[in-house]
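Okay, structure first, notes after.
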Amino acid sequence: MATTPSPPSTDRVTHEKKEKPLSELGALTLPLPIPSDPHYVFPQSTISPSFKALLETKVNHPSLIIPARLTSHFRKSLKSILMSKPKLKDVYPLESDDIIENVDPKTERKIVFTDSIQDIFNHPLVLPLLKKDCCSESYDPSCSNIRKSNHKVILSYNHYTVEQIVSKILPPTLHKEIPSSFEVIGMIAHLNLRPEYLSFKYIIGRIILDKNKSIHVVVNKTGTISNQFRTFPMEIIADERNTNSNMIDKKQASSPSSALEVVVKEDGCKFKLDFEHVYWNSRLQFEHKRLVHLIGNKKNEDQQNSEIIVADACAGIGPFAVPLTTQYNNVKVYANDLNPISYKYLKINVQLNKCNKRNIHTYNMDGREFIRKLDNDGIRYDHVIMNLPAIAPEFLNVFRGWKQREDNNLLCLRPMIHVHCFGSKTGGDEEAINRCSKALGYKLDTIKDEVTVHIVRDVSPKKNMLCVSFRI
């Protein structure tokens, strides 16, 4: 269940009650110290105006005084070596030290270079300018006043990226892996902070909100997926929607339609979901699209205009079922999920995307029971999707004893099964095929059963997510 961080003045859970007010920690300096109390968490109020002032840095950048009327020309020709920083320009009016006699300062501009190139004034793009031989094919008198200068840039909280700010805040011992990356689900940023960064979680959440205007809520994963619905425990560490308090109404947070309901877009479809109570992984968007188009575009000579029937045994909120039935008129999907909340959003997304109701049928039951029901009801299927990576191969035992159907005394084409699972980086393909074979009760033949293994994504240094496809 998602929890929300309490403000500093509010009692927290038992092990956080000893937290000292920020004022008792003394004058703050950067980087922040690692708290002596391992349960202490810096409050969001740490990010105060005075604290932001500590991040200010003055940097001198080399620059060039140029004729104002040639600004556009020089910005184009020098683009590759100009200063490029968020919310900072690369051209400025002259300062008092830049003004020379008998030249109107309004007729000149200062163009600022990057500070990452040493001896920039000897750069092949700059040196000719200082030699006064490059303004135009015919000599331009105003070019005689091109000269070296420098520009003082004040970098502040507003100019830095999330990673740059976090690296300045964290003590050097925590710089091995700066926790600045996150998954985006609609208006939610999802972090997976390591234990050593938890004392700084509210600060990190606040920085992410400040730097990403489309993000309104930041959550941190607090445990692993350990239930049959593939959801995981999480906590809200920053919430832009509550400016006066970090607390979300407890009744709202515990209801099936919680504070983490969002709408995401994928493959031309909209999906409404409750991130706390259903499984959703934005990193799977390319796999969703790949399999949808693989199934929808599969046209045999004998089936060019015939109906394609798909059994989606672990459909979730519909990332396969919805696009299959909105993008292909000849595809019918029987979509099932055990999680009643996923089932609820599956039906919502069918309506949201105006799926043809004749082409999609939804179920809320165990995956094996779902396949047995289709078989008992005489519903044939051309494809079966089993997207439950942790245990999907073991679900294949439901096909033991499966018999190839006949249609007008002709054997129907054997259905293609698409099973998602995890496998080792080395030898994972064979490992996954063997798991499928074991559950099926027979050895899959690579050629006869048209076995393929697709690497879906990198999960960890030693593990991949895979999709094994074969004919039953």
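Taking residues in segment 323-346 that are farther than 21 Å from Ile309 by Cβ, and partners anywhere that are aromatic (Phe, Trp, Tyr) and open to solvent by less than 10 Å² (accessible area, probe 1.4 Å), the pairs with Cβ atoms closer than 8 Å and at least 6 places apart or on different chains are Tyr345/Phe271. Filtered by the rule that a residue be of a type in the set (Gly, Ala, Ser), within 18 Å of the chain's Cα centre (by Cα) and assigned to a loop (DSSP other than H, G, I, E, B), segment 156-215 gives Ser180, Ser181, Gly186, Ser214. Only residues that are more than 32 Å from the chain's Cα centre (by Cα), within 18 Å of Phe470 (Cβ to Cβ) and open to solvent by 10 Å² or more (accessible area, probe 1.4 Å) were counted in segment 366-393, giving 3.
Looking at segment 98-127 only, could you name the residues that are touching a strand residue (DSSP E or B) at 6+ places or on another chain (Cβ under 8 Å), acidic (Asp, Glu) and farther than 15 Å from Val153 by Cα? Of everything in segment 98-127, those that are touching a strand residue (DSSP E or B) at 6+ places or on another chain (Cβ under 8 Å), acidic (Asp, Glu) and farther than 15 Å from Val153 by Cα turn out to be Asp98, Glu108. Listed conditions (1) in contact (Cβ under 8 Å) with a residue 12 or more places away in the chain; (2) crowded, with 18+ Cβ neighbours inside 10 Å are all met by Trp402, apart from (2).
For segment 152-162, the count of residues that are open to solvent by less than 70 Å² (accessible area, probe 1.4 Å), over 26 Å from Arg283 (Cα atoms), in contact (Cβ under 8 Å) with a residue 24 or more places away in the chain and aliphatic (A, V, I, L, M) is nonzero.
A count restricted to segment 28-54 and to residues that are over 14 Å from Leu198 (Cβ atoms), among the aliphatic types (A, V, I, L, M), part of a loop (DSSP other than H, G, I, E, B) and open to solvent by 30 Å² or more (accessible area, probe 1.4 Å) stands at 3.
With respect to (1) within 23 Å of the chain's Cα centre (by Cα); (2) surrounded by fewer than 20 Cβ atoms within 10 Å (Cβ to Cβ), the lone exception for Asp274 is condition (2).
Close Cβ contacts (under 8 Å, 6 or more residues apart or on different chains) running from residues in segment 72-93 that are closer than 12 Å to Arg109 by Cβ to residues that are part of a loop (DSSP other than H, G, I, E, B) and modelled with pLDDT under 95 comprise Asp90/Ser84. All conditions but one from (1) closer than 23 Å to Arg457 by Cβ; (2) at pLDDT below 95; (3) surrounded by fewer than 21 Cβ atoms within 10 Å (Cβ to Cβ) apply to Trp280; the one that does not is (3).
Mind telling me which of the residues Phe200, Phe182 ends up being surrounded by 15 or more Cβ atoms within 10 Å (Cβ to Cβ), of a type in the set (A, V, I, L, M, F, W, C) and either modelled with pLDDT under 95 or closer than 26 Å to Glu261 by Cβ (or both)? Talk me through it step by step, then tell me what you get.
Details: Phe200 fails: either modelled with pLDDT under 95 or closer than 26 Å to Glu261 by Cβ (or both).
Testing whether each residue is surrounded by 15 or more Cβ atoms within 10 Å (Cβ to Cβ), of a type in the set (A, V, I, L, M, F, W, C) and either modelled with pLDDT under 95 or closer than 26 Å to Glu261 by Cβ (or both) leaves just Phe182.
Go over the candidates Ala335, Ala315, Ala311 one by one and state the one that is modelled with pLDDT of 95 or more, open to solvent by less than 50 Å² (accessible area, probe 1.4 Å) and assigned to a loop (DSSP other than H, G, I, E, B).
Values: Ala335 fails: assigned to a loop (DSSP other than H, G, I, E, B); Ala311 fails: assigned to a loop (DSSP other than H, G, I, E, B).
When all the criteria are applied, what remains is Ala315.
Of the residues making up segment 420-453, those that are open to solvent by less than 70 Å² (accessible area, probe 1.4 Å), under 25 Å from Glu183 (Cβ atoms) and outside any helix (DSSP H, G or I) are His420, Cys421, Phe422, Gly423, Ser424.
Could you please let me know if Arg206 is of a type in the set (D, E, K, R), open to solvent by 30 Å² or more (accessible area, probe 1.4 Å) and modelled with pLDDT of 95 or more? Against the criterion (of a type in the set (D, E, K, R), open to solvent by 30 Å² or more (accessible area, probe 1.4 Å) and modelled with pLDDT of 95 or more), Arg206 qualifies.
Within segment 191-242, the residues that satisfy the criterion of being farther than 26 Å from Gly316 by Cβ and touching a residue at least 60 places away in the same chain (Cβ under 8 Å) are Leu198, Ser199, Phe200, Lys201, Tyr202, Ile203, Gly205, Arg206, Ile207, Asp210, Ala238. Can you work out which of the residues in segment 56-84 that are polar (S, T, N, Q) and in a helix (DSSP H, G or I) is least open to solvent (accessible area, probe 1.4 Å)? Here the residue is Thr71.
Residues in segment 454-463 that are within 11 Å of His420 (Cβ to Cβ) and either part of a loop (DSSP other than H, G, I, E, B) or not basic (Lys, Arg) (or both): His454, Val456.
Taken together, the residues in segment 85-116 that are under 33 Å from the mean Cα position of the chain (by Cα), more than 17 Å from Ser72 (Cβ to Cβ) and exposed (fewer than 14 other Cβ atoms within 10 Å of the Cβ) amount to 3.
Among the residues examined, Glu101 qualifies as out of contact with any Pro (no Cβ under 7 Å at 6 or more places or on another chain) and of a type in the set (Asp, Glu).
The values are calculated or read from the model by the stated rules, or taken from the named source; none is laboratory data. Bear in mind the structure is a predicted one, so any value in this text is a computation, not a measurement. Cβ sites come from the backbone with ideal geometry, for glycine too, and all protein chains shown count toward neighbours. The area values use the complete protein model at the heavy-atom level, side chains included, leaving out ligands, DNA and RNA. Shrake-Rupley method; radii C 1.70, N 1.55, O 1.52, S 1.80 Å.
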